[in-house]
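Here is the structure we will look at, set down as structure tokens.
Each value in this text was obtained by applying a stated rule to the coordinates, not by laboratory testing. Quick caveat, the model's predicted, so the values are computed rather than measured. Positions of Cβ are generated from backbone atoms using ideal geometry, with glycine treated the same way; all protein chains shown enter the neighbour counts.
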Amino acid sequence: MVKYKKQIRIALRNCGFINPENVDEYIVREGYAALGNALTNMTPEEVIDVIKNSGLRGRGGGGFPTGLKWELTRKVDADQKYVVCNADEGDPGAFMDRSILEGDPHTVLEAMAINGYCTGASKGLIYIRAEYPLAIKRLKIAIDQAREYGLLGEDIFGTNFSFDVELRYGAGAFVCGEETALIHSMEGLRGEPTVKPPFPSESGYKGMPTNVNNVETYANIPVILLKGADWFSSIGTEKSKGTKVFALAGKVNNVGLIEVPMGTTLREVIFDIGGGIKDGKKFKAVQTGGPSGGCLTENHLDISIDYDNLIASGSMMGSGGMIVMDEDDCMVSMAKFYLDFTVEESCGKCSPCRIGNKRLYEMLDTITQGKGTLEDLSKLRNLANVVKDTSLCGLGQTSPNPVLSTMDNFLDEYMAHVKDGKCPSGQCKALMSYIINADACVGCTLCARVCPVDAISGEKKMAHLIDDDACIKCGACMDKCKFGAIFIQ
Amino acid sequence: MTKHLKDYNMADIKLPENKIQELKDVCASFNHDSGDLIHVLHAAQNIFGYLPAEVQELVANELNVSVAHVYGVVTFYSFFSMIPKGKHPISVCMGTACYVRGAEKVLDEFKRLLSVKVGETTPDGSFSVSCLRCVGACGLAPVVTVGEKVYGRVSPEDVKGIIAEYK
Ligand SMILES: Cc1cc2nc3c(=O)[nH]c(=O)nc-3n(C[C@H](O)[C@H](O)[C@H](O)COP(=O)(O)O)c2cc1C
Ligand code: FES
């Protein structure tokens, strides 16, 4: 975690401060006190009221009010209900949930038990990605220790409340982060989403009422109960309370996890906490919300981060990935990169998402090859809107966002590819040539030696030449040249 | 993410008896409940290294579901593989953080030096190359893993050395 002012640690309060494999260290820091107090001194309704009044909203991306979700699940009558923790963390470039699970697994177990008490569920399930072996190991240890201490199991804290937690493993499918797909995956099926309603709170795992919350959402619960709704709601903006953890990555100096109060500006995050752009380059854009989000520009740097502001600016909060791009990044390629991801991760159940995203990808590919036309641009926008409006689940409904937001904010870059056959940031391989400036080249032969395909020729101490047909545009020569003699055209 | 059975070179594979028994025991420990199919497949891939048609048939029998159902699940999830991985499975992270920091060039270099495409294994069975979506080590981008070992801040020039470590 990058250490700076402007940060408040709520969800990450214990990460790095306790030994996550020792329940005693969690207990010393008021661990399980919120659960004990809730079970012995409060009714489920009272606990739900605290969560509602705190203003906590889901950190998994949707931003749904957490207290309200708990109340909805509570109100449904059923013999068996389930509490689920969504630890699928599929947004590539984000690792908030992983850090919480690895650094403070008990906070999630405690919050799930509180959730069980409020909703009337006796079983908890954590759906975790198989790619996170350390988090899985720590969760297993934590569950064993909690059972040993009677913090999970029968008659917790001497009350008649019983609750236990089991793990369910993902197997590498982004769409399984979507709650209905996640539930199917937990049932041993293909992780395909279904239409809502019915919402999981009415009919979820095995057809029973199921309350799904994200890891970070859970990590806030025990603190809110200990410190009170007023304390929590005093942090943040009018409609977004508390803090948000972001995984700051890309072209910033300080990469890593940060936790800031809602309402912090993007500028503060990127320049004060993130220490500005790497190698003194110029800021170009920041993508929030992962493949479902959009890119924000210079003009958006001073908006304060909360659910509603980000949506109003054409992006979204998402789960907390924040990727910073500099002047060297081509925005058309960026949109193509995200579409490549969506095409691969689309489950294929609905045609707008399965076919539409593929077509969007192909159009973007044509444009990055310099073969696009103006007509393609309008088709691209049209199709993007169709996919957004007609897809079955959140994946397809948001996958065109990177395309639309780059078109809105960087239309000139699209135009340059289409009209002039140029990639202004020099990233699209098909549109560039590496050239050696004969005046600056001293003939040190370094470039010829690093060239993986031997496309560079020239005598020692004489200017070298790149054979454009053989060149695979890997850029190794330019990275290595000490004299700045190689440039892109 | 669709893969087709015909894409795989399926020689008739004889599964070792002891491993078959091990998998049957796993199925029994889950009470042959098809709701635990994904757990069973994870275990099966651990035992056999991959999930050839023969293993899928065995699982289907044990859990009392159709082979088509098992195949549908196996092909849905990218974690499950129907071809054996190399002795040293190389994965290049193509998550966003790694992509912005040049993961594509690193991947290209692995493909070039080993003469394989993504998802393939070298003819001698020693290396396979695949892509991953974020291993959660974005601070170290670009990230490459070989087996359990993680390499951070990898540049295309480092690739040769990494491969050499396993030769
Ligand atoms: C395509 C897609 C992927 C999602 N991935 C995740 C994820 O990785 N983690 C997560 O907590 N929520 C994810 N969600 C949101 C969940 O569907 C759900 O809203 C969330 O888990 C609810 O928890 P919360 O209210 O605490 O945020 C995803 C949604 C969609 C549409
Ligand atoms: S994007 Fe590569 S480790 Fe996260």
- Task: Quick one: check the C-alpha center-to-center distance for region B:12-79 versus region A:435-473, whole angstrom.
- Result: 54
- Task: Considering the options A:SER457, A:THR373, A:THR398, tell which one lies farthest towards the positive end of the dipole of chain A, charges being +1 on Lys and Arg and -1 on Asp and Glu at the Cβ, about the Cα centre.
- Result: A:SER457
- Item | Rh (Kirkwood; distinct C-alpha pairs) - the protein assembly as shown, Å | 26.3
- Message: At 1.002 mPa s and 20 °C, plugging the Kirkwood radius over alpha-carbon pairs of region A:262-385 into Stokes-Einstein gives what diffusion coefficient in µm²/s?
- Response: 136
- Task: Counting residues in region B:5-76 as N, plug N into 2.2 N^0.38 Å and put the Cα Rg over that result.
- Result: 1.02
- Query: Any idea what % of Cα-Cα pairs in region A:349-389 are farther than 15 Å?
  - Reply: 37
- Query: Using just the C-alpha positions of region A:196-286 as equal point scatterers, what log10 of I(q)/I(0) does the Debye formula give at each q in 0.11, 0.13 1/Å?
  - Reply: -0.51, -0.66
- Per the C-alpha gyration tensor (a ≥ b ≥ c, the square roots of its eigenvalues), region A:83-131 is rounded if a/c is under 1.5, else prolate if a/b beats b/c, else oblate; here it's prolate
- Take the alpha carbon gyration tensor of region A:9-233, find the square roots of its eigenvalues, order them as a ≥ b ≥ c, and report rounded if a/c is under 1.5; if not, report prolate when a/b exceeds b/c, else oblate. rounded
- Task: Starting from the amide H of A:GLY421, placed 1.01 Å from N in the peptide plane, find each other amide H under 5 Å away whose residue is 5 or more places distant or on another chain.
- Result: none
- Message: How large is the direction-averaged shadow of the alpha-carbon convex hull of region A:243-326, in nm²?
- Response: 4.4
- Towards the positive end of the charge dipole of chain A, with charges on Cβ (+1 Lys, Arg; -1 Asp, Glu), say which of A:GLY191, A:GLY93, A:GLN145 has the farthest Cα. A:GLY93
- Counting only residues 5 or more places away or on other chains, whose amide H sits under 5 Å from the amide H of A:PHE95 once H atoms are built in the peptide plane? A:ALA247
- How about region A:187-247: which trypsin sites (Lys or Arg not before Pro) there lie in a loop by DSSP and see at most 16 other Cβ atoms within 10 Å? A:LYS239
- Message: Students often forget the sequence filter, so: which lysines lie under 17 Å Cα-Cα from B:LYS19 once same-chain residues fewer than 8 apart are removed?
- Response: none
- The base-10 log of I(q)/I(0) that the Debye equation returns for region A:332-420 at q = 0.23, 0.25 Å⁻¹, one scatterer per C-alpha, is -1.06, -1.23
- Item | Residue order, fewest to most surrounding Cβ atoms within 10 angstrom, among A:ILE18, A:ILE355 | A:ILE355, A:ILE18
- Item | Calculated P(r) of region A:128-244 - Cα pairs past 25 Å, % | 42
- Query: How long, wide and thick is region A:408-477, going by the Cα atoms along their three principal axes, in whole angstroms, largest first?
  - Reply: 49, 24, 17
- Note on the structure: Beyond 29 Å (Cα-Cα) in this structure, taken from A:LYS282/B:LYS117; A:LYS480/B:LYS111; A:LYS6/A:LYS429; A:LYS196/A:LYS241; A:LYS282/A:LYS482, we find A:LYS282/B:LYS117; A:LYS6/A:LYS429
- Message: Quick check on chain A: helices-only [θ] at 222 nm, where DSSP H runs of length 4 and up contribute -39,500 (n - 2.57) each and the sum goes over total residues. Nearest 500, please.
- Response: -11000 deg cm²/dmol
- Within 10 Å of each Cβ in peptide B:135-148, how many partner chain Cβ atoms are there on average? Round it to a whole number, please. 4
- Item | Protection proxy ranking, peptides A:329-336, B:23-30, average beta carbon neighbours within 10 Å, highest first | A:329-336, B:23-30
- Give the percent of DSSP beta bridges with both residues in the protein assembly as shown that are antiparallel, rounded to the nearest 5. 55
- Note on the structure: Checked region B:110-167 with the C-alpha gyration tensor, a ≥ b ≥ c its square-rooted eigenvalues, rounded below a/c of 1.5, otherwise prolate if a/b is larger than b/c and oblate if not; verdict prolate
- Item | Dipole magnitude (debye, nearest 20) for region B:88-164, charges at Cβ of Lys, Arg, Asp, Glu | 160
- Based on the Kirkwood radius over alpha-carbon pairs, what is the Stokes-Einstein translational diffusion coefficient of region B:47-167 at 10 °C with 1.306 mPa s viscosity, in µm²/s? 103
